[in-house]
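First comes the structure, then the notes that go with it.
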Amino acid sequence: MIDVVLADDHPVVRAGLRAVVDGQPDMRVVHETGTAEDLLAWLDDGGRADVVLLDLRFGGAGRGRPRLGGAEATGTVVHRHATPVLVVTTYGTDADILAAVEAGATGYLLKDAPTEELARAIRSAAAGEVTLGADVQRRLLGRMRSPGETLSARELEVLRLVTAGRSNDAIARELFVSVATVKSHLAHINTKLGTQSRTEAAAVARERGML
(Lines give C-alpha, C1' and ligand atoms only; values in the text may rest on other atoms or scores of the structure.)
Protein backbone atom coordinates (compact mmCIF):
# COMPACT_ATOMS: atom_id res chain seq x y z
CA MET A 1 0.00 0.00 0.00
CA ILE A 2 1.10 3.57 -0.73
CA ASP A 3 0.66 5.65 2.43
CA VAL A 4 -0.43 9.21 1.56
CA VAL A 5 -0.60 12.40 3.65
CA LEU A 6 -2.88 15.30 2.66
CA ALA A 7 -1.89 18.90 3.49
CA ASP A 8 -4.39 21.53 2.36
CA ASP A 9 -6.17 24.28 4.27
CA HIS A 10 -9.55 23.59 2.62
CA PRO A 11 -11.49 20.69 4.21
CA VAL A 12 -13.57 20.23 1.05
CA VAL A 13 -10.42 19.82 -1.04
CA ARG A 14 -8.97 17.33 1.44
CA ALA A 15 -12.23 15.37 1.32
CA GLY A 16 -12.02 15.22 -2.48
CA LEU A 17 -8.39 14.10 -2.41
CA ARG A 18 -9.19 11.49 0.25
CA ALA A 19 -11.99 10.11 -1.91
CA VAL A 20 -9.57 9.70 -4.84
CA VAL A 21 -6.82 8.11 -2.74
CA ASP A 22 -9.03 5.78 -0.71
CA GLY A 23 -10.81 4.78 -3.92
CA GLN A 24 -7.59 3.21 -5.24
CA PRO A 25 -6.82 -0.41 -4.39
CA ASP A 26 -3.14 0.26 -3.71
CA MET A 27 -3.13 3.44 -1.61
CA ARG A 28 -4.60 4.95 1.54
CA VAL A 29 -4.62 8.23 3.47
CA VAL A 30 -2.74 7.89 6.76
CA HIS A 31 -2.90 11.53 7.89
CA GLU A 32 -4.34 14.88 6.86
CA THR A 33 -3.71 18.42 8.05
CA GLY A 34 -4.73 21.99 7.29
CA THR A 35 -1.33 23.67 7.72
CA ALA A 36 2.24 23.09 6.64
CA GLU A 37 3.36 23.61 10.25
CA ASP A 38 1.20 20.72 11.44
CA LEU A 39 2.49 18.55 8.61
CA LEU A 40 6.11 19.12 9.65
CA ALA A 41 5.25 18.59 13.32
CA TRP A 42 3.62 15.25 12.46
CA LEU A 43 6.66 14.14 10.47
CA ASP A 44 9.07 15.36 13.16
CA ASP A 45 7.08 13.34 15.69
CA GLY A 46 7.71 10.14 13.77
CA GLY A 47 4.93 10.18 11.18
CA ARG A 48 5.78 8.26 8.04
CA ALA A 49 4.34 8.34 4.52
CA ASP A 50 5.28 7.34 1.00
CA VAL A 51 3.92 10.52 -0.59
CA VAL A 52 2.79 13.92 0.67
CA LEU A 53 0.10 15.77 -1.32
CA LEU A 54 0.77 19.42 -0.57
CA ASP A 55 -0.90 22.69 -1.50
CA LEU A 56 1.32 25.70 -2.22
CA ARG A 57 -0.40 28.32 -0.09
CA PHE A 58 -2.10 28.18 3.28
CA GLY A 59 -4.43 30.91 4.49
CA GLY A 60 -4.52 32.62 7.86
CA ALA A 61 -1.66 33.38 10.19
CA GLY A 62 0.27 31.24 12.60
CA ARG A 63 0.88 32.85 15.99
CA GLY A 64 0.87 36.32 14.47
CA ARG A 65 3.08 35.34 11.54
CA PRO A 66 2.24 34.35 7.96
CA ARG A 67 1.63 30.66 7.46
CA LEU A 68 4.51 28.57 6.18
CA GLY A 69 4.21 28.23 2.42
CA GLY A 70 4.11 25.02 0.44
CA ALA A 71 7.43 25.59 -1.32
CA GLU A 72 9.24 26.11 1.99
CA ALA A 73 7.54 23.07 3.49
CA THR A 74 8.45 21.02 0.42
CA GLY A 75 12.13 21.68 0.95
CA THR A 76 11.92 20.56 4.57
CA VAL A 77 9.86 17.43 3.83
CA VAL A 78 12.18 16.37 1.02
CA HIS A 79 15.52 17.12 2.63
CA ARG A 80 14.79 16.43 6.32
CA HIS A 81 12.42 13.50 5.95
CA ALA A 82 13.33 12.13 2.49
CA THR A 83 9.63 11.93 1.57
CA PRO A 84 8.42 12.65 -1.99
CA VAL A 85 6.15 15.69 -2.31
CA LEU A 86 3.46 15.96 -4.97
CA VAL A 87 2.21 19.55 -5.17
CA VAL A 88 -1.53 19.71 -5.90
CA THR A 89 -2.63 23.32 -6.16
CA THR A 90 -4.66 25.91 -8.03
CA TYR A 91 -1.56 28.05 -8.60
CA GLY A 92 0.09 27.52 -11.98
CA THR A 93 2.26 30.59 -12.52
CA ASP A 94 5.93 30.38 -13.48
CA ALA A 95 6.93 31.68 -10.05
CA ASP A 96 4.91 29.03 -8.20
CA ILE A 97 6.10 26.16 -10.40
CA LEU A 98 9.76 27.18 -10.19
CA ALA A 99 9.60 27.62 -6.42
CA ALA A 100 8.16 24.13 -5.93
CA VAL A 101 10.49 22.41 -8.39
CA GLU A 102 13.57 24.13 -6.99
CA ALA A 103 12.48 23.13 -3.46
CA GLY A 104 12.53 19.49 -4.58
CA ALA A 105 8.91 18.64 -5.42
CA THR A 106 8.64 15.29 -7.21
CA GLY A 107 5.49 16.33 -9.06
CA TYR A 108 3.22 19.29 -9.72
CA LEU A 109 -0.47 19.04 -10.64
CA LEU A 110 -3.29 21.55 -10.78
CA LYS A 111 -6.40 20.69 -8.77
CA ASP A 112 -8.53 20.35 -11.88
CA ALA A 113 -6.43 17.41 -13.08
CA PRO A 114 -8.47 14.26 -13.86
CA THR A 115 -8.76 11.63 -11.13
CA GLU A 116 -6.79 9.11 -13.19
CA GLU A 117 -3.93 11.59 -13.65
CA LEU A 118 -3.76 12.26 -9.90
CA ALA A 119 -3.68 8.54 -9.08
CA ARG A 120 -0.90 7.95 -11.64
CA ALA A 121 1.06 10.90 -10.24
CA ILE A 122 0.85 9.49 -6.70
CA ARG A 123 2.15 6.12 -7.87
CA SER A 124 4.96 7.81 -9.81
CA ALA A 125 5.93 9.96 -6.83
CA ALA A 126 6.02 6.88 -4.57
CA ALA A 127 8.35 5.25 -7.11
CA GLY A 128 10.62 8.32 -7.13
CA GLU A 129 9.59 9.41 -10.62
CA VAL A 130 8.90 13.02 -11.60
CA THR A 131 5.36 13.83 -12.71
CA LEU A 132 4.24 17.19 -14.08
CA GLY A 133 0.71 18.03 -15.17
CA ALA A 134 0.10 18.87 -18.83
CA ASP A 135 -0.30 22.61 -18.15
CA VAL A 136 2.87 22.66 -16.08
CA GLN A 137 4.81 20.82 -18.79
CA ARG A 138 3.70 23.39 -21.36
CA ARG A 139 4.91 26.24 -19.17
CA LEU A 140 8.31 24.68 -18.53
CA LEU A 141 8.69 23.74 -22.19
CA GLY A 142 7.94 27.33 -23.14
CA ARG A 143 10.69 28.51 -20.80
CA MET A 144 13.15 26.09 -22.42
CA ARG A 145 12.23 27.17 -25.94
CA SER A 146 12.47 30.90 -25.17
CA PRO A 147 15.05 31.23 -22.40
CA GLY A 148 15.79 34.85 -23.24
CA GLU A 149 12.18 35.83 -22.59
CA THR A 150 11.76 34.02 -19.27
CA LEU A 151 12.65 35.21 -15.80
CA SER A 152 14.77 33.45 -13.22
CA ALA A 153 13.34 32.47 -9.85
CA ARG A 154 15.08 35.44 -8.19
CA GLU A 155 13.80 37.85 -10.84
CA LEU A 156 10.28 36.55 -10.31
CA GLU A 157 10.76 37.00 -6.57
CA VAL A 158 11.82 40.61 -7.09
CA LEU A 159 8.79 41.27 -9.29
CA ARG A 160 6.45 39.69 -6.77
CA LEU A 161 7.75 42.10 -4.13
CA VAL A 162 7.32 44.97 -6.58
CA THR A 163 3.66 44.05 -7.03
CA ALA A 164 3.33 43.96 -3.23
CA GLY A 165 4.34 47.63 -3.19
CA ARG A 166 7.88 47.24 -1.87
CA SER A 167 10.50 49.89 -2.67
CA ASN A 168 13.94 48.94 -3.96
CA ASP A 169 15.36 49.49 -0.47
CA ALA A 170 12.70 47.26 1.11
CA ILE A 171 13.29 44.52 -1.48
CA ALA A 172 17.03 44.64 -0.82
CA ARG A 173 16.46 44.24 2.93
CA GLU A 174 14.00 41.38 2.47
CA LEU A 175 16.25 39.45 0.07
CA PHE A 176 19.48 40.31 1.93
CA VAL A 177 21.09 41.86 -1.14
CA SER A 178 22.26 45.35 -2.05
CA VAL A 179 20.05 47.98 -3.66
CA ALA A 180 22.41 47.86 -6.65
CA THR A 181 21.66 44.14 -7.03
CA VAL A 182 17.92 44.82 -6.97
CA LYS A 183 18.33 47.50 -9.65
CA SER A 184 20.38 45.06 -11.72
CA HIS A 185 17.61 42.44 -11.47
CA LEU A 186 15.04 45.04 -12.52
CA ALA A 187 17.17 46.07 -15.49
CA HIS A 188 17.43 42.44 -16.65
CA ILE A 189 13.68 42.01 -16.14
CA ASN A 190 12.90 45.06 -18.28
CA THR A 191 15.24 43.84 -21.00
CA LYS A 192 13.65 40.38 -21.09
CA LEU A 193 10.07 41.64 -21.02
CA GLY A 194 10.63 44.65 -23.28
CA THR A 195 9.35 47.04 -20.63
CA GLN A 196 10.51 50.45 -19.43
CA SER A 197 9.70 50.48 -15.72
CA ARG A 198 9.21 48.22 -12.71
CA THR A 199 5.46 48.93 -12.75
CA GLU A 200 5.12 48.06 -16.42
CA ALA A 201 7.22 44.93 -15.94
CA ALA A 202 4.95 43.74 -13.11
CA ALA A 203 1.86 44.36 -15.24
CA VAL A 204 3.29 42.46 -18.23
CA ALA A 205 4.38 39.56 -16.01
CA ARG A 206 0.86 39.26 -14.63
CA GLU A 207 -0.64 39.34 -18.12
CA ARG A 208 1.67 36.49 -19.19
CA GLY A 209 0.80 34.39 -16.14
CA MET A 210 4.25 34.68 -14.58
CA LEU A 211 2.93 36.11 -11.31
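Using a 10 angstrom cutoff on alpha carbons, build the Gaussian network for the chain and name the most mobile of Gly69, Gly128, Gly23. Top of the fluctuation ranking is Gly23.
Scanning residues 5 or more positions from Ile2 or on other chains, those with amide H under 5 Å from its amide H are Met27, Arg28, with H placed 1.01 Å from N in the peptide plane. The convex hull of the Cα atoms of the chain, projected and averaged over all directions, covers 12.3 nm². Here the extension length gained between His188 and Asp135 equals 16.4 nm, from 0.36 nm per residue of separation less the Cα-Cα distance.
Just the protein heavy atoms count here, and of the accessible area of region 1-49 at 1.4 Å, carbon and sulfur take up 53 percent.
Ordering Val29, Val179, Val77 by accessible surface, largest first, gives Val179, Val29, Val77; the 1.4 Å probe counts only protein heavy atoms, with every chain in place. Amide H to amide H distances under 5 Å link Tyr108 with Val87, Thr131, Leu132, Gly133, where only residues 5 or more positions off or on other chains count and H is placed in the peptide plane. Percent antiparallel among DSSP beta bridges with both residues in region 1-80, to the nearest 5? For region 1-80, the DSSP antiparallel bridge percentage is about 15.
Computed about its Cα centre, the charge dipole of region 1-128 is approximately 140 debye, with only Lys, Arg, Asp and Glu carrying charge at their Cβ. Scanning residues 5 or more positions from Glu32 or on other chains, those with amide H under 5 Å from its amide H are Leu6, with H placed 1.01 Å from N in the peptide plane. A straight chain from Glu174 to Leu110 at 0.36 nm per residue would run longer than the Cα-Cα distance by 20.1 nm.
Distance from the alpha carbon centroid of region 158-177 to that of region 62-127 works out to 25 angstrom.
Over region 75-211, what relative contact order in percent results from Cα pairs under 8 Å that are six or more residues apart? Before the final figure, lay out each step's value.
Working: 146 pairs, mean separation 29.8, N = 137.
Relative contact order, region 75-211: 22 percent.
Mean-square fluctuations from a GNM of the chain, with a 10 angstrom spring cutoff on Cα atoms, peak among Leu175, Leu118, Leu186 at Leu175.
Rank Arg18, Arg173, Arg123 by mean-square fluctuation in a GNM of the chain with C-alpha springs under 10 angstrom and give only the top-ranked residue. The residue with the greatest mean-square fluctuation here is Arg173. Computed from the C-beta positions of Asp44 and Gln24, the FRET efficiency with R₀ = 25 Å rounds to 0.35.
Of the beta bridges DSSP finds with both residues in the chain, what % are antiparallel, to the nearest 5? Don't skip to the answer; put the middle values down first.
Values: 2 of 21 bridges.
Rounded to the nearest five, the antiparallel share is 10 percent.
Between Thr90 and Ala203, what FRET efficiency comes out of the Förster formula 1/(1 + (r/R0)^6) with R0 = 30 Å and r the beta carbon distance, rounded to 0.05?
0.85
The values are calculated or read from the model by the stated rules, or taken from the named source; none is laboratory data. Because the structure is predicted, anything quoted here is derived from the model rather than measured. Methodologically, a virtual Cβ is constructed for each residue, glycine included, from the backbone with ideal geometry; neighbour enumeration extends over all protein chains shown. For accessibility, only protein heavy atoms count, side chains too; no ligands or nucleic acids. Shrake-Rupley method; radii C 1.70, N 1.55, O 1.52, S 1.80 Å.
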